[in-house]
Amino acid sequence: MLVLDLALKSLRNRAFSTSLTVGSIALSVALLIGVENVRVGMRDSFSNTISQTDLIVGAKGGTIQLLLYSVFGMGSPTNNLSWDTYREWAEHPAIEWTIPYGLGDSHRGFRVIGTNEDFYRRYRYRGGQAIALAEGRAGSEVFDVTLGADVAAELGYGLGDEVGVTHGIGAVGFLNHDHLPFEVAGILAKTFTPVDRAVYVTLEGIEAIHFGWEDGAPPMAGEEHTHEDVLAMEEIEITQVTSFFVGTTSRRDVLRLQREINDYEGEPMMAVIPGLALNEMWQGIGYAETGLRLVTIFVVLVGLLGMLVSLYTSLNERRREMAILRAVGAGPKSIVALLVLESVCLAAAGAICGLALVYVLLSAGQPIVEAQVGLFIPIRPPGSVEWLFLGAVVTAGFLMGFVPALKAYRTALHDGLAVRV
Amino acid sequence: MSLAIDVRRLRFRYGNGPWVLDIPEMALERGTRAFLFGPSGSGKTTLLGVLAGVLKPDEGEVNVLGRDLASLSGAQRDAFRAEHIGYVFQMFNLIPYLSVLDNITLPVRMNAKRRARLDGAGVKETAALLADHLQIGDLLKKPVTELSVGQQQRVAACRALMGSPEIIVADEPTSSLDFDRREAFLELLFAECERAGATLVFVSHDRTLEGMFSRTVPLPDINRAAL
Ligand SMILES: Nc1ncnc2c1ncn2[C@@H]1O[C@H](COP(=O)(O)OP(=O)(O)OP(=O)(O)O)[C@@H](O)[C@H]1O
Ligand SMILES: [Mg+2]
């Protein structure tokens with residue numbers, strides 16, 4: 001292959017401009033593939049926020065809304081479910097376990113979640129990992145509180161510290177429950193999920209701080225309850241939950257159970273399948289994804305255009321070379337082949353270097369990103385998406401090569417051997 | 001004696017420009033060392049382009065080694081040139097990113113028939129032999145950018161002679177050399193053409209060299225398009 005040999009030697013001869021071109025294509029390709037990897041990592045970690053939960057049940061309302069407040073600690077629930085309804089469903093033969101959630105309070109901007117020991121036993125995230133305690137024990141008394149890792153770290157709390165709870169979920173609620181402070185019993189290990197940013201108390205604890213609030217307003221001055229007024233754990237009557245997570249005995253029952261819950265006549269309620277709902281939510285964010293991808297594709301195009309410019313401008317200096325090749329018998333088609341081949345080689349080298357760069361950056365940056373952001377970006381061998389991108393880049397290089405090549409073709413056909421400068 | 005070149009009623013112009021060549025007749029016998037001269041702009045390079053099959057004549061016949069180039073397609077003319085013609089430019093004859101050896105062997109790598117003309121001799125050996133004859137045997141490994149102009153022209157001559165083509169076309173190859181080197185270069189070129197039995201068409205506007213050739217062709221006299 002004389003032409004390939006010529007193309008490679010010619011590129012090597014222009015080492016500086018060649019490496020600049022390859023470098024800029026490599027960077028743009030690395031950006032394209034890197035963004036794709038981060039996107040997949042984000043989607044995976046997003047849909048892994050909870051796992052093994054078959055249904056999330058709450059008062060009737062929006063699917064996404066239910067997901068947001070019970071999984072991501074965002075937005076506020078509109079209605080609660082009665083405790084009796086919850087218990088009725090918890091006893092359902094198709095249901096193996098439940099985790100009840102009582103929401104609506106906060107502590108200095110972090111959500112306070114009332115739950116019970118089932119949370120510590122049953123909650124799973126990212127491929128089935130269970131909640132672990134970094135310090136202390138899982139809170140089980142009325143005024144026990146267990147802190148998510150970020151809460152403890154950001155507020156500087158340790159075991160035994162007192163924690164006040166604010167009614168409502170604003171950052172600074174003005175209706176305080178400070179007369180009934182809680183005590184830190186345990187701190188959870190970091191999960192890189194919204195669990196880290198929540199404060200866990202018992203459902204009884206939630207009831208206790210709302211004694212006297214039954215009408216929705218705080219008790220009159222002097223009528224506030226104090227620790228002494230509050231009954232012992234077993235005497236407190238839980239009246240409501242906001243939502244609950246469900247694990248079924250058999251996954252085949254999930255759809256039927258969901259329908260059954262949605263049709264429940266005792267109270268307006270709904271069940272969502274978290275996997276489906278998470279997907280639906282991700283689709284909603286999909287616009288941003290598409291935008292990001294478009295931007296990176298344009299970056300690659302800019303990189304390739306840089307190559308085009310450098311090949312095109314080099315043509316003038318290379319008219320001599322083309323005339324020599326013509327003189328020794330190269331047809332105009334060989335001239336085209338030479339330039340297209342150079343362009344393809346540049347694009348291919350850029351694509352391969354870009355891919356290599358992604359792996360270098362990934363293996364260096366993966367632990368850092370995981371520790372800092374909690375985003376786990378898996379390192380996998382290049383998949384169909386990567387090959388598709390690389391193929392597209394090389395094809396684009398091939399097509400773009402025709403721009404300088406056709407100019408050289410015309411010159412070769414019409415100029416003869418007199419090279420006028 | 002058969003004709004190497006036999007041109008009849010040739011007319012050529014670039015695109016729709018004025019006629020550059022209008023040559024009723026021009027014939028060169030095989031083995032001739034022809035000196036083609038004319039002032040600048042008289043169409044010397046253009047005529048060589050037509051003879052080499054790079055440019056397609058608009059009218060007339062251009063018989064080279066018995067083939068009418070005017071009736072061949074572009075690809076056929078390219079193949080013909082690759083096989084039968086060696087070309088030397090005025091200057092900048094060499095491809096800068098190839099070594100001296102690679103520059104010399106370019107024609108036989110480009111065309112299989114030209115390679116077959118080596119008669120079984122190795123490509124490198126032939127190149128080395130030619131380089132020895134032209135007194136550049138010690139330069140084969142050098143990058144071409146390190147050669148003097150005279151050395152470059154001799155490398156170009158080696159390339160043109162590689163694979164013993166029947167016709168060597170040289171477009172003012174000596175104009176950038178001083179007088180002594182000019183004669184030395186020509187003598188080496190003549191010797192090689194003779195050895196290969198090649199016809200030489202040598203273009204120049206420097207008539208001091210005329211005496212060294214067996215035949216002189218004044219282009220303005222035969223070209224009616226000359227202004
Ligand atoms: N590629 C081209 N396109 C258009 N016109 C051209 C082209 N090449 C040459 N010409 C014109 O054709 C005429 C003959 O040019 P040519 O190069 O053949 O002259 P020349 O005798 O070789 O001159 P010199 O001694 O300067 O090399 C000139 O008028 C020139 O301007
Ligand atoms: Mg000329």
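The values are calculated or read from the model by the stated rules, or taken from the named source; none is laboratory data. For clarity, every value in this text was computed on a predicted model and none was experimentally measured. Counting neighbours? That spans all protein chains shown, and the Cβs are built from the backbone with ideal geometry, glycine included. When the accessible area is computed, the model is the full protein with side chains, heavy atoms only, and any ligands, DNA or RNA have been set aside. Shrake-Rupley method; radii C 1.70, N 1.55, O 1.52, S 1.80 Å.
Worth pointing out:
- Cα gyration tensor shape of region A:1-78, rounded if a/c is under 1.5, else prolate or oblate by comparing a/b with b/c: prolate
- Whole-percent carbon and sulfur share, accessible surface of region B:79-227, 1.4 Å: 51 percent
- Antiparallel DSSP beta bridges within chain B, as percent of all bridges there, nearest 5: 50 percent
- Excluding ligands, DNA and RNA, the accessible surface per residue across the protein assembly as shown is 45 Å² with a 1.4 Å probe.
- Solvent-accessible area lost on pairing A with B (1.4 Å probe, both sides summed) amounts to about 2200 Å².
- List A:Ser106, A:Ser47, ordered by accessible area with a 1.4 Å probe, largest first: A:Ser47, A:Ser106
- Buried on complex formation within region A:288-328 (loss of at least 20 square angstrom of accessible surface versus the isolated chain, 1.4 Å probe, ligands and nucleic acids ignored): A:Arg320, A:Glu321, A:Ile324, A:Leu325, A:Arg326, A:Ala327, A:Val328.
- Environment charge at B:Met212 (Cβ cut-off 9 Å; Lys +1, Arg +1, Asp -1, Glu -1): -2
- Listed residues A:Ala364, A:Ala396, A:Ala198, most fluctuating in chain A (Gaussian network, C-alpha, under 10 Å): A:Ala364
- Counting charges near A:Gly114 (Lys, Arg +1; Asp, Glu -1) among other residues having Cβ under 10 Å from its Cβ returns a value of -3.
- GNM top mover of B:Ala112, B:Ala82, B:Ala157 - chain B, alpha-carbon springs below 10 Å: B:Ala112
- A simple spin-label model places pseudo-atoms 7 Å from Cα toward Cβ; at A:Ala134 and A:Ala94 they are separated by 4.0 nm.
- Note on A:Lys333: lysines with a C-alpha under 18 Å away, same-chain residues under 8 apart excluded, are A:Lys407, B:Lys56.
- Volume of the Cα convex hull of chain B, divided per residue and given in Å³: 121 Å³
- Note: relative contact order over chain A, using C-alpha pairs below 8 Å and six or more positions apart, is 26 percent.
- Per residue of peptide B:98-111, the mean number of Cβ atoms on other chains within 10 Å of the residue Cβ is 3.
- Size of charge dipole - the protein assembly as shown - debye, nearest 20, with Cβ of Lys, Arg +1 and Asp, Glu -1, no other charges: 6200 debye
- Region A:1-40-region A:322-398 distance, computed between alpha-carbon centres (Å): 6 Å
- Mean Cβ neighbour count within 10 Å, used as a protection proxy, ranking B:42-55, A:293-306 highest first: B:42-55, A:293-306
- Choice from A:Gly109, A:Gly205, A:Gly284 with maximal GNM fluctuation in chain A (Cα, 10 Å cutoff): A:Gly284
- Chain A: DSSP helices with Cα axial extent of at least 20 Å and average Kyte-Doolittle hydropathy no lower than 0.0: A:15-47, A:274-317, A:332-373, A:384-415
- Farthest towards the positive end of the charge dipole of chain A, among the residues A:Ile206, A:Ile113, A:Ala337, is the Cα of A:Ala337, using unit charges on the Cβ of Lys, Arg, Asp and Glu.
- Only DSSP H runs of four or more residues enter the estimate; each adds -39500 (n - 2.57), and after division by the residues of chain A the mean residue ellipticity at 222 nm equals -17000 deg cm²/dmol.
- With R₀ set to 25 Å, the beta-carbon distance separating A:Lys333 from A:Leu20 gives a calculated FRET efficiency near 0.30.
- Measuring with a 1.4 angstrom probe and ignoring ligands and nucleic acids, A:Thr18 comes out at about 20 Å² accessible.
- Theoretical FRET efficiency, 1/(1+(r/R0)^6), r = Cβ-Cβ of B:Leu118 and A:Leu301, R0 51 Å, to 0.05: 0.60
- Cα gyration tensor, the protein assembly as shown - rounded (a/c under 1.5), prolate or oblate: prolate
- Note on A:Ile368/A:Arg121: beta-carbon distance plugged into 1/(1 + (r/R0)^6) with R0 of 35 Å gives a FRET efficiency of 0.60.
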